[in-house]
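*Asks:* Dropping the structure in here first, questions after.
The values are calculated or read from the model by the stated rules, or taken from the named source; none is laboratory data. As the structure is a prediction and not an experimental result, all values here were calculated from the model. Neighbour counts run over all protein chains shown; Cβ positions are idealised from the backbone, glycine included. Ligands, DNA and RNA are excluded from the accessible area calculation, which covers all protein heavy atoms including side chains. Shrake-Rupley method; radii C 1.70, N 1.55, O 1.52, S 1.80 Å.
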Amino acid sequence: MPARKFQDSKLVIASHNRGKLVEIADLLAQFHVETVGAGDLGLIEPEETGSTFIANAELKALASATVSGLPALADDSGLAVDGLDGAPGIYSARWAQTQTGQRDFTFAMHKVHMALEQKPDAPRTASFICALSLAWPDGHVESFEGKVDGTLVWPLRGSNGFGYDAMFLPLGGDLTFGEMQPDAKHAISHRADAFRQLVEQCFEV
């Protein structure tokens, strides 16, 4: 069965993360879609109880679409480190949680680095994974998953990205995601991979 096409003019981005909002809005710019963040609509972030990236993305997209009455796009993404058995994975944001309740991804990257230091023989390879789910108020949802492989570097390099970007060096590259200009990152990122699938299936190019 073919995927449902997006035919609205306004889309809720089901995230309170400013970095993600800007990145997704940039990716959608070519379709002249008006985007609005869930936080700007006063929508509460649902608890992420899924066991996979896609399950969490669908949960967030459906929550925003149901309450707002508008189609909603949610992203669930994270860093899966081979030497840490796939951690932090779906808990990537939780690894950034500090004792004050704030999210600090520099703190999270130090945690990843320290965990790997305890396992000197473990590989430093890792993948960024992104699930994108597009949901409609009637409960229909389309989901896609993208991935980019790389290695982890230390010390941190670059301040252009967000999340774990400053420690992630994509395969074949010499700049971390944190050192890349946004356009260069968008061309190869896990979010771009998932987005290409979403556009191919759900948008009229």
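*Asks:* Sequence gap of 8 or more, or different chains, plus Cα separation below 23 Å: how many lysine pairs satisfy both in the chain?
*Replies:* 12
*Asks:* Non-local amide H neighbours of residue 203 (under 5 Å, H modeled in plane, Pro and chain starts lacking H): which ones?
*Replies:* For residue 203, whose amide H was placed from the backbone, the distant partners under 5 Å are 6.
*Asks:* Based on DSSP loop calls and a cut-off of at most 11 other Cβ atoms within 10 Å, the longest stretch of the chain free of exposed GluC sites (Glu not before Pro) is what? The partial results should precede the final answer.
*Replies:* Values: sites that count: 47, 204.
That gives 48-203 as the longest site-free run.
*Asks:* Please say if the stretch 29-142 is rounded, prolate or oblate, where rounded means a/c under 1.5 for a ≥ b ≥ c the square roots of the C-alpha gyration tensor eigenvalues, and otherwise the choice is prolate for a/b larger than b/c and oblate otherwise? Don't jump to the answer; show the numbers that get you there.
*Replies:* Values: a/c = 2.53, a/b = 2.03, b/c = 1.25.
Prolate shape, in that a/c is at least 1.5 and a/b is the bigger ratio.
*Asks:* Of the heavy-atom accessible surface of the stretch 1-136 (probe 1.4 angstrom), what whole percent is carbon and sulfur? Present the calculation step by step, with values, prior to reporting the outcome.
*Replies:* Details: 3500 of 6770 Å².
Carbon and sulfur: 52 percent of the exposed surface of the stretch 1-136.
*Asks:* Output wanted: per-residue J couplings in Hz (rounded whole) for the stretch 44-58, from phi through Karplus 6.51 cos²θ - 1.76 cosθ + 1.60, θ = phi - 60°, x for Gly and Pro.
*Replies:* Karplus-based 3J(HN,Hα) across the stretch 44-58 equals 7, 6, x, 5, 7, 9, x, 9, 9, 4, 5, 4, 6, 5, 5 Hz.
*Asks:* How would the stretch 1-61 be classified by its alpha-carbon gyration tensor: rounded, prolate or oblate, with rounded meaning a/c under 1.5 and the a/b versus b/c comparison settling the rest? The partial results should precede the final answer.
*Replies:* Values: a/c = 1.85, a/b = 1.18, b/c = 1.57.
Oblate shape, in that a/c is at least 1.5 and b/c is the bigger or equal ratio.
*Asks:* Rolling a 1.4 angstrom probe over the protein heavy atoms, how many square angstrom per residue are accessible across the stretch 115-181? Before the final figure, lay out each step's value.
*Replies:* Values: 3030 Å² over 67 residues.
It amounts to 45 Å² per residue over the stretch 115-181.
*Asks:* Next question. Residue by residue through the stretch 25-33, what is 3J(HN,Hα) from phi via Karplus (6.51 cos²θ - 1.76 cosθ + 1.60, θ = phi - 60°)? Round to whole Hz and write x for glycine and proline.
*Replies:* Each residue of the stretch 25-33 in turn: 4, 4, 5, 8, 3, 5, 9, 6, 9 Hz.
*Asks:* Right, next: Return the calculated 222 nm mean residue ellipticity for the chain, to the nearest 500 deg cm²/dmol, obtained by summing -39500 (n - 2.57) across DSSP H runs with n ≥ 4 and dividing by the residue count.
*Replies:* Details: 5 runs with 60 residues, N = 205.
So the calculated ellipticity at 222 nm is -9000 deg cm²/dmol.
*Asks:* If the convex hull of the alpha-carbon atoms of the stretch 62-205 is projected onto planes in all directions, what is the mean projected area in square nanometres? Display every interim value, and only then the final one.
*Replies:* Values: hull surface 40.5 nm².
Averaging across all directions leaves 10.1 nm² for the Cα convex hull.
*Asks:* Could you run the Karplus curve 6.51 cos²θ - 1.76 cosθ + 1.60 with θ = phi - 60° over the stretch 132-144 and give me ³J(HN,Hα) per residue in whole Hz, x for Gly and Pro?
*Replies:* 10, 10, 10, 10, 10, x, 7, x, 6, 9, 10, 10, 9
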